[in-house]
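Below is one structure, written out as structure tokens, with a few remarks after it.
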């Protein structure tokens, strides 16, 4: 239940972190910046298995880099095999505009995969200015965004199912 105070009688529909029954989850992860992405994958798998998702219900799909992720995200989301798809990667700003192109394409592709398939595609791609910021978001000071994305996936699976029950 939400912490937002509401007027009596307002219907609230939301997901939770309970284990979705028999849900399979795909993790699409870039190999580029592997030393960061490996920590994101570990965090995602940790979150999923801690919340009762069986290892056999997790599929890891690897792409060369973040730019190549949208095709794999779309194929996984449209396959009918997965209740949610996680996009995990790390794009670190350099001295050229390459960063901007890669970030916008992977974000656009993840959003398009969700819209086209109706399957939640969670955006766990780090887009940072420095390697230090990426390290912080992959398991140090700022937590692990792979873990956070996996929790969001569980919540969205359960929300999607709740919406369906209510006819949405």
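Of note:
- Residues of the range 114-140 with amide N under 16 Å of a point placed 7 Å along Cα→Cβ from residue 99: 125-137
- 222 nm mean residue ellipticity, helices alone, for the chain (DSSP H n ≥ 4; -39,500 (n - 2.57); rounded to 500): -14500 deg cm²/dmol
- The order of the peptides 87-94, 123-130 by mean Cβ neighbours within 10 Å, most packed first, is 87-94, 123-130.
- If you wrap the tightest convex hull around every Cα atom of the range 110-168 and split its volume per residue, you get 76 Å³.
- With N counted as the residues of the chain, its alpha-carbon radius of gyration over 2.2 N^0.38 Å works out to 1.06.
- Taking the longest Cα principal axis of the chain as reference, the axis of helix 145-165 is set at about 30 degrees.
- Sequence ranges 12-24, 73-85, ranked by mean other-Cβ count within 10 angstrom, highest first: 73-85, 12-24
Any read-out appearing in this document is the output of simple, stated calculations on the displayed coordinates, not a laboratory observation. Being a predicted model, the structure only gives us computed values, none of them experimental. So basically every Cβ, Gly included, is an ideal-geometry build from the backbone, and we count neighbours across all protein chains shown.
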